[in-house]
Amino acid sequence: MAIKPLDFYNELSAHGINFFTGVPDSLLKEFCLCIDDFIPKEKHIIAANEGNAIALAAGYYLANKSIPLVYMQNSGLGNAVNPLLSLCDPDVYSIPMLIMIGWRGEPGAKDEPQHVKQGKIQLELLEAMVIPYETILKDDQNYHQKISNAVEKAKYESRPVVLLIKKGTFDKYGKNVKKFDDQPMIREEALEIIINNLDENVVIVSTTGKISREIFEIRERNGHSHEKDFLTVGSMGHCSSIALGIALAKPDKQVVCIDGDGAMLMHLGILTSIASLKPKNFWHILINNEVHESVGGQETAAKNVDLSNVIESMGIRKISKAKTHEELENAMMSLLSNIGPLFLEVKVRSGSRDNLGRPTIKPVDNKKDFMSFLDK
């Protein structure tokens, strides 16, 4: 039987854990829904990226002497390595915390291709970083003791300790994620309009999650090839950097980056490079539904931030916004008559088709076809 999220939370609470921060993960979704019900917003913070979460937790400990918990998907561990080793490690500031990591791509478990390598070397990564860990799985009768062991080790050795969570560990919490349905368009409709208004030679670089999945299915449905699209199925937050690199190397190619709000917030720094370099062949289209939809539907900070204003403040003046089908059609026509860099924010409501599939082309084959198209 899977572990009830409330029982897990109560065990953490009994050990004095009362501050939570991190980046949502589908394996930890039910646990995070539980936290939302029992922890005030100032003590449960969804961070822009995992490194931010580690540093935020460190600050909380320094001020409160209370062990915090940081949660993340294991693919986000890379973002956390720097503050874990150069800030929290016993050889530096020696800051204790619990880190709950969802083990995507665990050997023997079916998962998406972008998680395979990370999952395969997960234990070796923790061992190389000399971070102690406890592994928790479904039907784990000993999870209370494992939590206790982790807390005691973090406390008395003053160091980060990992709780590695396997797929299926948590039972349903029984709470539905709030849907934001105040926008007339859904994401797939917006993507269809965008793609239909692009020239056939335009290059698309799309972000991880459902945006890339829907672009793939739109191409299939329309009988298009996939060679023009680089589907960034992993490395969340980096599609705009990939797109910028392509735009600089191929100034004769029109490059369109289709980003998501959670992904853009994760690595905002690249926007300064785009604004500084001002590539004339670069369009940045943000699909903004204000949630981390692919991993559970938790809110992003985009709900409280005007990202178009952020972009404009960096010196990119050609800014457009669209909320309706007609506004998006008009915005796309306007973009076609201008040189870059251009930014378009498209507001959509959360949600997707229940039968939404995944790309059937292997990432390495997508790369080969895409590189061949760039050479044409």
Criterion violated by Ser308 - all others in (1) within 18 Å of Val23 (Cβ to Cβ); (2) without any contact (Cβ under 8 Å) to a residue 40 or more places away in the chain; (3) open to solvent by less than 10 Å² (accessible area, probe 1.4 Å) satisfied: (1)
The range 292-331: number of residues that are under 27 Å from Lys278 (Cβ atoms) and part of a helix (DSSP H, G or I): 14
Subset of the range 15-55 [farther than 16 Å from Ala80 by Cβ, open to solvent by 10 Å² or more (accessible area, probe 1.4 Å) and assigned to a loop (DSSP other than H, G, I, E, B)]: His15, Gly16, Asn18, Ile39, Pro40
Verdict on Ile193 being under 30 Å from Met371 (Cα atoms), in contact with a strand residue (DSSP E or B) (Cβ under 8 Å, 6 or more places away or on another chain) and not in a loop (DSSP other than H, G, I, E, B): no
Tally of residues being open to solvent by 50 Å² or more (accessible area, probe 1.4 Å), assigned to a helix (DSSP H, G or I) and more than 24 Å from Trp103 (Cβ to Cβ) across the range 56-70: 4
Residue in the range 197-216 that is surrounded by fewer than 20 Cβ atoms within 10 Å (Cβ to Cβ) and among the polar types (S, T, N, Q) present: yes
Identity of the residue in the range 72-109, among the polar types (S, T, N, Q) and more than 14 Å from the chain's Cα centre (by Cα), that ends up farthest from Tyr61 (Cα to Cα): Asn82
Subset of the range 122-162 [under 27 Å from Ala109 (Cα atoms), of a type in the set (Ser, Thr, Tyr) and not in a strand (DSSP E or B)]: Tyr143
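Rundown of residues vs (1) of a type in the set (A, V, I, L, M, F, W, C); (2) under 28 Å from Leu84 (Cα atoms); (3) free of Cβ contacts under 8 Å to residues at least 12 places away in the same chain; (4) touching a Lys or Arg at 6+ places or on another chain (Cβ under 6 Å), yes/no style:
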site	(1), (2), (3), (4)
Ala128	yes, yes, yes, no
Thr135	no, yes, no, no
Lys172	no, no, no, no
Ile193	yes, no, no, no
Phe216	yes, no, no, no
Near pairs, Cβ below 6 angstrom, 6+ apart or cross-chain, from the range 68-86 (in contact (Cβ under 8 Å) with a residue 12 or more places away in the chain) to any residue that is open to solvent by 10 Å² or more (accessible area, probe 1.4 Å) and among the aromatic types (Phe, Trp, Tyr): Pro68/Tyr60; Pro68/Tyr61; Asn74/Trp103
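The values are calculated or read from the model by the stated rules, or taken from the named source; none is laboratory data. Keep in mind that what you see is a predicted model, and the values were worked out from it rather than measured. With ideal geometry, Cβ positions are generated from the backbone for all residues, glycine too; neighbour counts draw on all protein chains shown. Heavy atoms of the whole protein, side chains included, go into the accessibility calculation; ligands, DNA and RNA do not. Shrake-Rupley method; radii C 1.70, N 1.55, O 1.52, S 1.80 Å.
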